[in-house]
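First comes the structure, then the notes that go with it.
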Amino acid sequence: MEKFVEIKFFGRGGQGAVTAAEILAKAAINEGKWAQALPAFGPERRGAPVLAFTRISDKPIVIRSEVYEPDVIVVLDSTLLKVVDVKAGFKKGGIAIFNSGKNPPEIQKELKLREKVATVNATKIALETLGRPIVNTAILGALVKATQLVALKSVIAMTKEVFTGELGIKNITAIEKAYKEVKL
């Protein structure tokens with residue numbers, strides 16, 4: 001049986017959930033691990049709910065399905081909590097990362113979660129660094145700190161490949177800021 005870590009990203013079209021999943025997978029591959037990133041789209045329009053998935057392993061990954069029982073859930077937009085059951089299939093002992101100004105105990109109580117929760121105000125960081133509420137790179141900084149699945153330097157290196165020039169610098173700033181500001 002394969003052993004891997006499965007991450008499920010919940011976002012809205014235009015927030016960069018798919019790109020975040022891809023950067024995370026590339027960072028893992030860059031570290032010599034096996035990884036895959038898969039998108040799942042509903043109505044393909046800005047603002048519509050979007051799912052993205054990443055699997056990371058020390059061995060080849062042969063499964064190619066969506067993630068149904070994630071070890072890690074990443075919520076890029078808290079308004080999704082009203083329309084999507086982000087806890088569905090969430091494994092016991094998992095880690096949940098939320099784009100929220102709330103503290104982890106508040107989220108745990110609100111969602112009746114016993115699992116570890118990390119929060120970061122990724123929207124605030126994105127607005128400050130990018131000038132737009134595109135939260136994917138900020139949430140990656142929080143994910144790296146909360147999970148230690150990959151090194152911060154690996155995520156930064158892959159972000160430089162995806163976003164070049166001034167945009168790359170701004171996205172790296174968002175990652176580093178979220179890494180420092182995440183509440184565990």
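Read-outs: derived from the displayed coordinates by stated rules, not from any lab. Quick caveat: nothing in here was measured; it's all calculated off a predicted structure. No Cβ is skipped: glycine too gets one built from the backbone with ideal geometry, and neighbour counts run over all protein chains shown.
Computed from phi, the 3J(HN,Hα) profile of the stretch 165-176 under the Karplus parametrisation 6.51, -1.76, 1.60 (θ = phi - 60°) reads x, 4, 5, x, 4, 5, 5, 5, 4, 4, 4, 5 Hz, with x in place of Gly and Pro. Take the Cα of LEU152, step 7 Å toward its Cβ, do the same at GLU110, and the gap between the two points is 2.6 nm. Residue by residue, the stretch 95-103 carries 3J(HN,Hα) couplings of 10, 10, 10, 10, 7, 7, x, 6, 7 Hz when phi is fed to the Karplus relation 6.51 cos²θ - 1.76 cosθ + 1.60 (θ = phi - 60°); x denotes Gly or Pro. When the square roots of the Cα gyration tensor eigenvalues are ordered a ≥ b ≥ c, the ratio a/c for the chain is under 1.5, which makes its shape rounded.
Connecting C-alpha atoms closer than 10 Å in a GNM of the chain, tell me which of LYS145, LYS124, LYS92 has the biggest fluctuation. The residue with the greatest mean-square fluctuation here is LYS92. In the chain, a dipole from Cβ-located charges (positive for Lys and Arg, negative for Asp and Glu) runs towards its positive end, and of ILE73, VAL120, LEU38 it is VAL120 whose Cα lies farthest in that direction. Magnitude of the charge dipole for the chain, about its Cα centre and with charges confined to Cβ atoms of Lys, Arg (+1) and Asp, Glu (-1), is about 320 debye.
Remark: spin-label model distance GLU128-LYS102 equals 2.2 nm, labels positioned 7 Å along the Cα→Cβ axis. Residue by residue, the stretch 113-123 carries 3J(HN,Hα) couplings of 9, 9, 6, 5, 10, 10, 10, 8, 7, 5, 5 Hz when phi is fed to the Karplus relation 6.51 cos²θ - 1.76 cosθ + 1.60 (θ = phi - 60°); x denotes Gly or Pro. Take 51-58, 94-101 and order them by the average number of nearby Cβ atoms within 10 Å per residue, most first; the result is 94-101, 51-58. The stretch 30-103 and the stretch 119-184 have Cα centres lying 17 Å from one another.
Rank by packing, highest mean first: peptides 149-159, 66-76, with packing defined as the count of other Cβ atoms within 10 Å averaged across residues.
Working: 149-159: 19.9, 66-76: 21.7.
The most tightly packed comes first, giving 66-76, 149-159.
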